[in-house]
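The values are calculated or read from the model by the stated rules, or taken from the named source; none is laboratory data. It should be emphasised that the depicted structure is a prediction, and the values quoted were computed from it without experimental measurement. With ideal geometry, Cβ positions are generated from the backbone for all residues, glycine too; neighbour counts draw on all protein chains shown. In case anyone asks, the SASA skips ligands and DNA or RNA and just uses the protein heavy atoms, side chains included. Shrake-Rupley method; radii C 1.70, N 1.55, O 1.52, S 1.80 Å.
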Amino acid sequence: MRLLPILAFGTLMLPLAAHASEPHSYAQPDQVVVTHLDLDLKLDFPHKQLDGRATLKLDWKNPQATSLVLDTRDLKIAKIEALGADGKTTPLKYALAPRDKQLGEKLTIATPTHPAQVRIVYTTSPDASGLQWLTPAQTADKKLPFMFSQSESIHARSWVPLQDSPAIRFSYTAHVTAPKDVRVVMSALNDAKHPLNGDYSFDQPHPIPSYLLAIGAGDIAVKETGPRSAVYAEPSVVSKAAHEFEDTEQMIATAEKLYGPYRWGRYDILVLPPSFPYGGMENPDMTFATPTVLVGDKSLVSLVAHELAHSWSGNLVTAASWRDIWLNEGVTTYVQGRITEALYGKGLADEEALLSARALQKEIGAMPANSQKLAPDPRGIDADDSLSDVAYDKGSWFLRTLEQRFGRATFDDYLKGYFNHFAFQSITTEQMLDYMKPNLIEKYPGKMSWAEVHDWVYGSGIPKDAPLPDSPHFDAIDHERTAFLADQLSADKLDAKGWNTQEWMYFLDRLPDVTPLARIQQLDTAWHLTGTPNAEIGMRWYSHAIAAGDKAVWPAAAEHMIRIGRLYLTVPLYKALVGTPGGLAYAEQVYAKAKAGYHPLTQQVVEDLVAKAKKAQ
């Protein structure tokens, strides 16, 4: 998943009731493990709910175990029963614990006879944290309703009762019924030619963690982009998306040359409505993606490279807990850079690496020391907090350092071996290090000390000798920005006509937090940044203009905030507004208009931000 920049969630102490080895789940895998899920769902758009039946195949680990403990959040349980080999069912007693704000409700099922399968019949809440239901008016084509899931980090439990921990992997099959004309897709093999008959079946034969369980449904058309890839999107969006993502097969082939075969069969992309809270989500076989990357020039397709890279780092080799999430996101961001370099050149890859490194350097010092570590103490961090710039950008920076020290060919061989060794497993940071020590550090002595490795993984901040890529284009932009701010170069004399998206991002990222209003107004007059269709540039521009006191941009900023629900592109504008005179009231007005189109996760973040600003007044 791509989530940038840091969203400044507060740290939340987690209840001690969670299982000791995984503070974000009630599951007890030392007692029993779910190995397969058979899911039967009915999509109920009018009531914004799923009517579900989940049958869990169980592997009992402890002969003395007396119960099966599952994670749920806001599910209405109708009945639970044991399923015998002969198909006969036996009712089981169960108890739902009081709701915990972060973890949901612990579901304890009495299972003294250790059944091989348990079936749970339930319905989801209209406010399920892992689902969003959109009316036709909230979609691009405004013909049919739309719904989609976002299970990462711990939101699968809001639409399926299960062991919601990345340490537990299971295969699944699903049968889904929906209104006719609505296409349903899942994180499994999808049939582009499936008739729109309201009846769908799916099979995911590979064991996956619960956060990769995904579903989407709506007015969805399909265009093939290669022999094993296609784009799914609303009819008015699908052609544009297929053009933007036409290099997908080349990306797959490039990653295979580097790190071994693509093991998931197909790599399809579902372009969601703008309310999707993240850039992309690496659901197996079917990446979910934001439409904000559809800018027409492929300048933001590194998002696809990122989600594709997860097919090796994250989906194939998975972090065993949210504390270890850098094993997913840091490794993936490194692999993303390698794919981008192979297809679009070293210059672009270096620019993207430098953008993220500079942003991290600016932000990391203000973070709590524990949050600056790749492998932090998990007892003070909420699962969603783990998905910060540290996991992505400090993690990838560490891997780039390893590549520099050991040489690209050596490091490629090591990483390929790592993916093969841990394929379809969930591992901890310590397991990764136990593999790295003999297979890289000790195998090639004198390149990097073990103390340096520990400093990267367990130390706060960024090591002083961390290498940065060179970018002549960025160096030139630094000079121009300095001259512009010193009033030695007028805005219209900036050599910006040929700047790509990343170069505009870099110019704006390194402006002062509060740039003089006159400079901001000069920039807008010269380059017409207000109203830009490029959301990456727009987010940065509006944030600076608002902070500078340019109220003339507020209506265009509001339009951006209402149109886009992606956290990374929207929350910074709310932050900028609440920090200016009159901005808090305006932010509340904008949110009132935007709320219905926001995902529950986005709603939560914005509401927390506004509440904090009110308290500070």
Summed over the other residues with a beta carbon less than 11 angstrom from that of V237, with K and R at +1 and D and E at -1, the charge totals -2
Taking the square root of 5λ for each eigenvalue of the C-alpha gyration tensor of region 561-617, the equivalent ellipsoid has semi-axes, largest first and in whole angstrom, of 17, 11, 10
Between the residues S171, S158, M147, the Cα farthest towards the positive end of the dipole of region 128-184, that dipole coming from +1 and -1 charges on the beta-carbon of Lys, Arg, Asp and Glu, is from M147
Scalar couplings 3J(HN,Hα) for region 526-543 by Karplus 6.51 cos²θ - 1.76 cosθ + 1.60 (θ = phi - 60°), nearest whole Hz, x for Gly and Pro, are 7, 10, 6, 6, 5, x, 4, x, 8, 5, 5, 5, x, 4, 5, 4, 5, 4
When the charge dipole of region 493-617 is computed with +1 at the Cβ of Lys and Arg and -1 at the Cβ of Asp and Glu, the Cα pointing farthest to the positive end, of V605, Q521, L508, is that of V605
If each part is reduced to its alpha-carbon centroid, region 35-93 and region 432-448 end up apart, in Å, by 44 Å
The rounded separation in angstrom of the Cα centers of region 548-617 and region 101-119 is 40 Å
Taking a probe of 1.4 Å and leaving out DNA, RNA and ligands, the chain shows per residue an accessible area in Å² of 37 Å²
If one compares the long axis through the Cα atoms of helix 554-563 with the longest principal axis of the Cα atoms of the chain, the angle in degrees, nearest 10, works out at 30 degrees
For K88, counting only lysines whose alpha-carbon sits under 22 Å away and dropping same-chain residues fewer than eight positions off, the answer is K57, K79
Of every Cα-Cα pair in region 408-507, the percentage lying beyond 23 Å is 53 percent
Around L41 (Cβ within 13 Å, Cβ-to-Cβ, excluding L41; K/R +1, D/E -1) the net charge comes to -3
Given unit charges at Cβ for Lys, Arg (+) and Asp, Glu (-), the dipole magnitude of region 139-259 about its Cα centre in debye, nearest 20, is 200 debye
In region 340-433 the accessible area split gives carbon plus sulfur, as whole percent at 1.4 Å, a share of 51 percent
The chain, Kirkwood Rh and Cα Rg, ratio Rg/Rh at 0.96
Residue separation between E224 and D465 times 0.36 nm, minus their alpha-carbon distance, gives in nm 82.2 nm
Taking only the alpha carbons of region 464-597, the radius of gyration and the largest Cα-Cα distance, Dmax, both in angstrom, are 15.6, 48
With Rh as the Kirkwood radius over Cα pairs, region 282-391 has Rg/Rh of 0.98
extent check for region 523-567: Cα max minus min per principal axis, descending, whole Å, gives 27, 18, 14
Residue-ordered couplings for region 155-166, obtained by feeding phi - 60° into the Karplus form 6.51 cos²θ - 1.76 cosθ + 1.60 and rounding to whole Hz (Gly and Pro as x), are 10, 4, 5, 7, 9, 8, x, 6, 8, 8, 9, x
Note on region 90-175: C-alpha Rg/Rh, Kirkwood Rh, two decimals, gives 1.04
Residues meeting the amide H criterion for T225 (H placed from the backbone, H to H distance under 5 Å, 5 or more places apart or on another chain) are A230, V231
Counting sequence-distant residues (5 or more places) and residues on other chains, those with an amide H built under 5 Å from that of I208 are F170, S171
Answer in debye to the nearest 20: the dipole magnitude of the chain about its Cα centre, from +1 Lys/Arg and -1 Asp/Glu charges placed on Cβ, is 1100 debye
Output for region 430-483: trypsin sites (Lys or Arg not before Pro) sitting in coil per DSSP, at most 13 other Cβ within 10 Å, listed by number, reads K443, K464
Ranked output for segments 350-357, 175-182 by mean other Cβ atoms within 10 Å, highest leading, reads 350-357, 175-182
Given unit charges at Cβ for Lys, Arg (+) and Asp, Glu (-), the dipole magnitude of region 331-370 about its Cα centre in debye, nearest 20, is 60 debye
Dipole check, the chain, charges on Cβ (K,R +1; D,E -1), about Cα centroid: among A255, P23, N534 the Cα furthest to the positive pole belongs to P23
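Assuming R0 = 25 Å, can you tell me the calculated FRET efficiency for the pair D199 and A137, based on Cβ-Cβ distance, to the nearest 0.05?
That pair, D199 with A137, gives E of 0.40.
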Sequence order, region 77-86: Karplus ³J(HN,Hα) from phi using 6.51 cos²θ - 1.76 cosθ + 1.60, θ = phi - 60°, Hz rounded, Gly and Pro as x, gives 7, 8, 6, 9, 8, 7, 10, x, 4, 8
For region 321-475, one quarter of the surface area of the C-alpha convex hull, expressed in nm², comes to 9.4 nm²
The simple spin-label model distance between D30 and N420, using points 7 Å out along Cα→Cβ, in nm, is 3.5 nm
Here the net charge surrounding L92, from other residues whose Cβ is less than 11 Å away from its Cβ (Lys, Arg +1; Asp, Glu -1), is +2
